[in-house]
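Chemist: Here it is, the structure in full.
The values are calculated or read from the model by the stated rules, or taken from the named source; none is laboratory data. Here the structure is a predicted model, which means the values were calculated and not measured. Note that we place each Cβ from the backbone using ideal geometry, even for glycine, and neighbour counts take in every protein chain shown. SASA here: full protein model, heavy atoms, side chains in, ligands and nucleic acids out. Shrake-Rupley method; radii C 1.70, N 1.55, O 1.52, S 1.80 Å.
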Amino acid sequence: MITSTVEQSWDRIESWLARHAPVTHGLLRPPALRADIAAAELRLGVAFPPDLRESLLRHDGVELQDGTLRLDYYGPPSGVGEIVRSTEFLREVGEDIAEEEAELAEEERDEYAYWPRERLLITLGIGWQSSDGLFLVTRPGLHHGRVGRYFDETGSTFTPWTGLRHVLSDFSTALENGLPFDGRIPLAHEGRLIWDDDRTVVADPTSALDSAAEAPEPQVPPAAEPAPLVPQSDGAYAVISFGVGGFFGPVSAPIVQPDVVFVADIGPGELLDRLGSVPATAGPRTREQARLSAGAPWAAHRPMVRAGFCGDGWSYATQEGGDAQFGRPEVLGRLSGGTRVVRLVKEGPEVRVTVVEDGTERPEAGRLVESPREDYVNGPDGQPVLGHGGQRWQRIGVDPWPGSTAAYARLLAGLTVEYGIGWDPADDAAAPLPSAMLLPLLEEVPQARHPVTVVRDFDLGALVERTPPERLRSAVAAQLARLASETGLDGYPEIARALEQAGRGEPVDLTTDGPLDLRMRTVRAETRAVRGLLDAARHQQDPAPVTAADLAAWHGRDAAAGALRRFLLLPLPAAAETVLSLRMSVHWRDELAVNLADQPVPVLSPRRLRADRPCSGLREVRRQRYRLSCTAPVAPRACRARGATPSEGGFCG
């Protein structure tokens, strides 16, 4: 790639800004005075690199106002005065460690010193202050003129740019061709230069649930008979055994006390259904079997529960593995629908009872018991036994909170008296009880707590105020369809049907356990399973069967499903904020403008939307009377090769 000179790059930058972002163009300052540059060099005791001097003689930075020129996260270019102030400020900050760094060799100073005196901060970073930004090395030598990034929380690192002219050349190329600059894309909106992300995800991510369905469920091996002891004929022998407590005496293993919910007036089968059981995984399991299965690839990180009867009219469920479910408000709300739920959980030193009736918690019926820790070891004199470093010894395999164990038992006895619940966690461990993996319920959609304002440099609040609700809803529905297409979510028939209904303004069925709800929950389970596989692989030698790209794709689908739920359940402004914030194409603003046009906006089916890409641009789309545009810009050279003219948005017209 040919690198333009500083003068050529500024010609290109100014030309693009004048055509597409006149507000930003008008905020470029006039050239700096040569006398001011010389005075700054004298004051700082350094010579400005030629590229910096040439750039300042073109523009002495920019006016720090809304819409000003920014090099994205690197911030706006500094003028002579700002360079002096920033550099002196950072020199002062680094004075405390200057003596320590004085012993570093010259090359080491460039790499490791906090702020060498030969360094100049040439942009004002994210906050338009001297806390971060791009810097130049002014010391003669290998790194002279090299560009780095300074951030007050992480220090300094060098960029791939070897000089300021390379920065400006890459920036001008990004402007002209709609290409990324340091990972983000510059574009124009309402006469201003803005920055946005243009993201993509893999089209067909690996399904962890499909892989789990092919894996066998592990089975607890049958207990082996202990081999009999055979006395030796040539001498005496002895058998020495140690209890769980080692030299301090045998200690019985603690009883496993899982999270448990008791539900009145429904049976174990309905209880599992309300929790979201997966029918294909249902079957009788002991506690040992349930926990073995929950930790295997077959489970795909889904929660495992067992259920049974526990008294007159009561059933119960225990969670044996996976992400905790019984404390989630949506779970307790569904379990208690038309009945009463009592939840008992042991959390370290605490034992807590929660009572919920028909979706409403009864705080007055709840209880909380705390207990001191009692697994510490004391010597014969009653004093703590200390190990290396002064840490107290603890018994291995002992319940650290035996006080809470006793409290747990007392609470269970109290539940028997108060509610007629009769359950002992030790009694059901070996019993094969109805059990299943869960497809976890989705969380409740939170209501918006703030008015909608700006989304990705777009004034959504103003748009909401000036746009008729029906037109805005139609436009947001089209944006939602695009988001579903970008993430691959529209490949599911339940989603595609819901998008078509939403586009026509028809009601959409989102009832719990309905087809759309189950699809969204399955996508969420896929996301959780892939993340779990990647987390587990960090502690294993073998690579994970999934990749970070798979996780990004599933996360994108899950987020898009959440946007659909918000569109169906929340006021339109809050839903629009979510949808627009998740769009992957940087051209969503142009597409939204077309969607908001006066003519009716037919919503393409997901299949048609996919088949139409890549399209031939806004003019062709308007000609077809579909309010859709290309999802990616076309380089001017490729556009002209088609015999077409590139439009301002980077599309072929």
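Chemist: Touching a residue at least 40 places away in the same chain (Cβ under 8 Å) and open to solvent by 70 Å² or more (accessible area, probe 1.4 Å): does that describe Arg367?
Modeler: When the stated conditions are applied, Arg367 passes them.
Chemist: If you don't mind, there's one more thing I want to ask. Is one or more of the residues making up the stretch 506-517 in a helix (DSSP H, G or I) and either under 17 Å from the mean Cα position of the chain (by Cα) or crowded, with 18+ Cβ neighbours inside 10 Å (or both)?
Modeler: yes
Chemist: Next up: So for the stretch 583-597 (the condition being open to solvent by 50 Å² or more (accessible area, probe 1.4 Å), out of contact with any Phe, Trp or Tyr (no Cβ under 9 Å at 6 or more places or on another chain), outside any helix (DSSP H, G or I) and at pLDDT below 95), does at least one residue qualify?
Modeler: no
Chemist: Looking at Gly491, is it among the small types (Gly, Ala, Ser), surrounded by fewer than 22 Cβ atoms within 10 Å (Cβ to Cβ) and closer than 27 Å to Leu596 by Cβ?
Modeler: When the stated conditions are applied, Gly491 does not pass them.
Chemist: Tell me yes or no: at least one residue of the stretch 217-226 is at pLDDT 80 or above, open to solvent by 40 Å² or more (accessible area, probe 1.4 Å) and part of a helix (DSSP H, G or I).
Modeler: no
Chemist: Would it be correct to say that Pro186 is within 27 Å of Pro49 (Cβ to Cβ), in contact with a helix residue (DSSP H, G or I) (Cβ under 6 Å, 6 or more places away or on another chain) and not hydrophobic (A, V, I, L, M, F, W, C)?
Modeler: Details: within 27 Å of Pro49 (Cβ to Cβ): yes; in contact with a helix residue (DSSP H, G or I) (Cβ under 6 Å, 6 or more places away or on another chain): yes; not hydrophobic (A, V, I, L, M, F, W, C): yes.
So Pro186 fits the description; yes.
Chemist: State which residue is least open to solvent (accessible area, probe 1.4 Å) when the search covers only the stretch 276-298 and only residues that are aliphatic (A, V, I, L, M) and farther than 20 Å from Leu441 by Cα.
Modeler: Ala290
Chemist: Now, a different point. Pairs needed: first member in the stretch 305-331, without any contact (Cβ under 8 Å) to a residue 40 or more places away in the chain; second member anywhere, part of a helix (DSSP H, G or I) and open to solvent by less than 30 Å² (accessible area, probe 1.4 Å); C-beta distance under 6 Å; at least 6 residues apart or different chains.
Modeler: Going by the 6 Å Cβ cut-off, the qualifying pairs are Gly321/Ala294.
Chemist: So how many residues does the stretch 130-145 have that are open to solvent by 10 Å² or more (accessible area, probe 1.4 Å) and either without any contact (Cβ under 8 Å) to a residue 24 or more places away in the chain or of a type in the set (A, V, I, L, M) (or both)?
Modeler: So the count comes out to 3.
Chemist: Do we have Val331 as assigned to a helix (DSSP H, G or I), of a type in the set (A, V, I, L, M) and touching a Leu at 6+ places or on another chain (Cβ under 8 Å) here?
Modeler: Details: assigned to a helix (DSSP H, G or I): yes; of a type in the set (A, V, I, L, M): yes; touching a Leu at 6+ places or on another chain (Cβ under 8 Å): yes.
Against the criterion (assigned to a helix (DSSP H, G or I), of a type in the set (A, V, I, L, M) and touching a Leu at 6+ places or on another chain (Cβ under 8 Å)), Val331 qualifies.
Chemist: For the stretch 31-50, which residues satisfy the criterion of being crowded, with 20+ Cβ neighbours inside 10 Å and within 28 Å of Trp195 (Cα to Cα)?
Modeler: Ala32
Chemist: Out of the residues in the stretch 1-30 that are among the small types (Gly, Ala, Ser) and in contact (Cβ under 8 Å) with a residue 24 or more places away in the chain, state the one that is surrounded by the most Cβ atoms within 10 Å (Cβ to Cβ).
Modeler: The qualifying residue surrounded by the most Cβ atoms within 10 Å (Cβ to Cβ) is Ser9.
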